[in-house]
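Here's the structure, in C-alpha cells; my notes come after.
What follows is calculated from the coordinates using simple rules that are stated; it is not laboratory data. Every value quoted in this text rests on a predicted model; they were computed, and no experiment measured them. Neighbour counts run over all protein chains shown; Cβ positions are idealised from the backbone, glycine included.
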Amino acid sequence: MIHVTELLKRLVIGRAKRSEELHETLLPKRLALPIFASDPLSSVAYATQEILLVLTLGGLAYLHFTPWIAAAVVFLMTVVVLSYRQVVHAYPSGGGSYEVASTNLGPAAGLVVAASLLVDYVMTVAVSVASGVDNIISAVPDLDSHRVGIALGFVALLTAANLRGIRESGRAFAAPTYLFIAGVLIMVGTGLFRYLVGDAPVAESAAYDIEPEPGDADLAGLALMMLVLRAFSSGCTALTGVEAISNGVPAFRKPKSKNAASTMAAMGLIAIAMFSGVTTLAVVAKVHIVEDPCHLVGLADCGDHTQRTVIAQLAAAVLGGDSSVGFYYIQAATALVLILAANTAYNGFPLLGSILAEHRYLPRQLHNRGDRLAFSNGILALAIVAGALLWAYKANVTDLIHLYILGVFTSFTLSQSGMVRHWNRALRATPDPAARRRYHVARVVNATGAVITGLVLVIVLATKFVQGAWLAVLAAVLLWLMMRGIRRHYDATAAELAVTDPRDELAPPSRVLAIVLVSTVHKPTLRALAYARALRPDRLEALTVAVEREEAAELEQRWAQLDVDVPLKVLDSPYREITRPVVEYVRSIRRTSPRDVISVYIPEYVVGRWWENLLHNQSALWLKSRLLFTPGVMVTSVPWQLSSSIRADRPAPRAPGSVRRGEPPSPAASHHRPGTR
C-alpha cells in the first residue's frame, strides 16, 4: 500500500526536488505574466458583463452609463497599477500589501490586509472556476446540470498542477493565457473595424427589449446614483489580482524588482486594452444581458433558456455565428483562462500564508515547502476552502460575485496609505533634490491611489454588503481574530520555553525511576526491559493492569517461572480500564517524590500495512497521550518490527521458520493491554 501511494504521488506531482534546486524555479517574465496576471487579464470575460447586469435592472434606459463606468474602472486600474509598481520597487522581499501595511501602519493594519487578501484569494478561485464553467455551458448548454461537478474537477486539476511547482504550472498555463489575449484582441479589432466601415456586429440579444425590475424603471436622484455606483463596484472586479505580482517578487529572476515592475506594466496595458475593447464592442453590438432571462421581452421558453455570456454573444456576432471556428476558439480560450485565473490565487495564497506563518500568525506548517519546493500545505488549504464554496453556492457566478473584491480594495487602500507614510519617512531622511522630486511624485501617486480605492471600498460596502458581502467581512474578521490568537499562542510558548538560567535547567534529577508496561511475556516486553536496564535507572519495575484477574494471575505465574529479575507490580482495575490506573499510579509517585523523573517504556508493534495499524497499538497511543500531560514523566516507545514491516521497507524472500505475516507473538491478553493492540 505504501509503494502504491508513493507511486501515485510521483505520477501526480513528479519527483522530489532538493532544496538547492530552488533557484531553478525562478520565473522569467514570459512565464510570470500568465502565472501572476491571469486573474486581472481573465476578469475581462466577466467585468463588462457585471456592469451590464446591474444597469439592465432598470431596463434599457440606463445602458448609456456603460462607457462612463468603464472609463472610471480604467482610470482606477491605471492608478492601482502605477501604485503597485512603486510597492514592487520599495519592498522587493515579497509580502506586497501586507508588508507595506505592517511596516508603515502597524501589525494590526497588516493583519487586516492579510485577512482580506486570504479571503479574496479563496473567492478568486471560486469565481474564476465558476465563470469558466459558465463559458463552457454557453457553448454546450446540456452540461448545465453537471455545473458543480465540473467546477470541483477543475479545482482538483489546478491543485495537482500547482503541487508540481510554480514553474511547471506556469509552463502549463502560459499558452492558454496568451491564446486568450490574442483571441480577444483579434475579436475586438475585427468588431471595431466592422463598426467603422458601417457593418457593425449585432448581438443575439439585441432584438430583445428588457422588462425592468419593479420600481426601477424611472430612477432618479439618489436611487439612480446608487444604481450607477453598484454597477461601478461590480465592474471593479476587473482589478482583482493586480496585487499578486507585488506578493510574488521573490519568485522572479534577477533583477527581481525590475522584472516584476515590467510584468505589472505589461499586465496593466493588456488588461486595460482588453477591458476597454470588450466594453466598447458590447455597447456597439447592443448586448442585452439580465440575471433572469424572463425579463427579456419576447423570449420564448424563458424558464428553460440559458443566456450566453457577453463574451460568447460578441464572439458569435463578430466571428461568424455560434457554429463558427472563431466562436468555439473564443469560448474554449475564455473558459480555459478563467479557470486558470485561479492560478493567481494558487500562487498568492501560499506565498502570503508562508510569510504569515514565518511571522507566527498562521501555523508553521504553511511555511514548509513540499517535494516540488511549492508551499503544498497552503495550496491544499486553498483548494479545500474554495471547493467547499463552489459546492455551497452551486458554482453560481452571480451569487459568488457579491462576496468578491471587498478584500482587494481593503488591501489597496491600506497599502497605498502605508506607502504615503513610507515616502514621508524617505523625504525626511533624503537631502538630495533629485531624489526628493522622485519621492514627491511617488507620494502623489500613492496618495491618489489611497483616496480613490478608499472611496471605492466605501461604495463596494454600501452596494454589496446586504447582498452577501457581509459574509466576506465576517470571514475576514474571524480570520483576523484567529491570526491574533495564533500569534499570542506562539509568543506565550516561546516565552515559557525561553532559557533564563542554563545551570538550573541542566541540573540532574534526584533519581530516575523506570517503569516498563507489560501486557504479557513476549519478545517486545523483554526488549523493553533490556533497553530500560541498559540506561541504568535508579529503580526499575514492570507494571501491568489486571483487567481480567485470571489473566493477571497467569502473567504473575509466568513471570516467576521465567525468573525475570525485575519486580512486577499489578494494578487492580475493577472497571476494566488501562489508562486511568497507570496514569494515577505514575502521578502518585510524582506526588511522593516530586524531584524524581519517571521514565515509562511502552513496547509497541511496527506494522507494514495500513490496515494493521487498526489492529495494534491503540491502547498505547491513548496511554502515551495521557502521560505526556504529566510533568516530570518521560515516555519512550520501544518498537518491535513485525515481519510485514520489514518486508514493506526491504522486500526479501521469507526465511524458513520465520513468523508468518501478521501473526502476533502471543495470543495472551491481546485484547486489552498496551503493546498488543
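The calculated FRET efficiency for the pair VAL451 and THR500, based on their C-beta separation and a Förster distance of 51 Å, comes to about 0.50.
Using the average count of surrounding beta-carbon atoms within 10 Å as a protection proxy, the listed peptides 283-293, 430-440 rank, highest first, as 283-293, 430-440.
Can you give the local net charge around SER593? Use residues other than it whose beta-carbon is closer than 12 angstrom to its beta-carbon, Lys and Arg +1, Asp and Glu -1.
So the environment of SER593 carries a net charge of +4.
Using the Cβ-Cβ distance between ALA560 and ARG527 with R0 set to 22 Å, the FRET efficiency works out to roughly 0.60.
Here the spin labels are modelled as points 7 Å beyond Cα on the Cα-Cβ line, and at LEU471 and ALA71 they lie 3.7 nm apart.
Once the Cβ-Cβ distance of ASP292 and ALA206 is raised to the sixth power relative to R0 = 25 Å, the FRET efficiency obtained is 0.85.
Shape class of the chain from the alpha-carbon gyration tensor: prolate, with a/c at 1.5 or above and a/b greater than b/c. Remark: the GLU550-LEU196 segment gains 117.4 nm on full extension, using 0.36 nm per residue and subtracting the alpha carbon distance. The relative contact order of the chain comes to 19 percent, based on Cα pairs under 8 Å that sit 6 or more residues apart. Computed from phi, the 3J(HN,Hα) profile of the range 197-209 under the Karplus parametrisation 6.51, -1.76, 1.60 (θ = phi - 60°) reads 8, x, 10, 5, x, 10, 6, 4, 8, 5, 6, 9, 7 Hz, with x in place of Gly and Pro. Please report the net charge: other residues with Cβ closer than 11 Å to the Cβ of ASN377, K and R +1, D and E -1. Every neighbour counted, the sum reads +2.
Which order do peptides 352-359, 234-241, 442-449 fall in by mean Cβ count within 10 Å, highest first?
234-241, 352-359, 442-449
Less than 5 angstrom separates the built amide H of ASP209 from those of VAL297, all sequence-distant by 5 or more or on a different chain.
Compared with the direct C-alpha span, the chain from THR636 to HIS64 gains 198.3 nm at full extension, assuming 0.36 nm per residue.
Counting only DSSP beta bridges whose two residues both lie in the chain, roughly 5 percent are antiparallel. Given +1 at the Cβ of Lys and Arg, -1 at the Cβ of Asp and Glu and no other charges, the dipole of the chain around its Cα centre is 3040 debye to the nearest 20. Less than 5 angstrom separates the built amide H of MET634 from those of ILE598, SER599, VAL600, all sequence-distant by 5 or more or on a different chain.
Kindly provide the trypsin sites (Lys or Arg not before Pro) of the range 378-425 that DSSP labels as loop, not H, G, I, E or B, and whose Cβ sees at most 13 other Cβ atoms within 10 Å.
Qualifying residues, ordered by number: LYS394.
Pairs with C-alpha atoms separated by more than 26 Å, drawn from the list LYS394/LYS464; LYS29/LYS464; LYS256/LYS464; LYS569/LYS624, are LYS29/LYS464; LYS256/LYS464.
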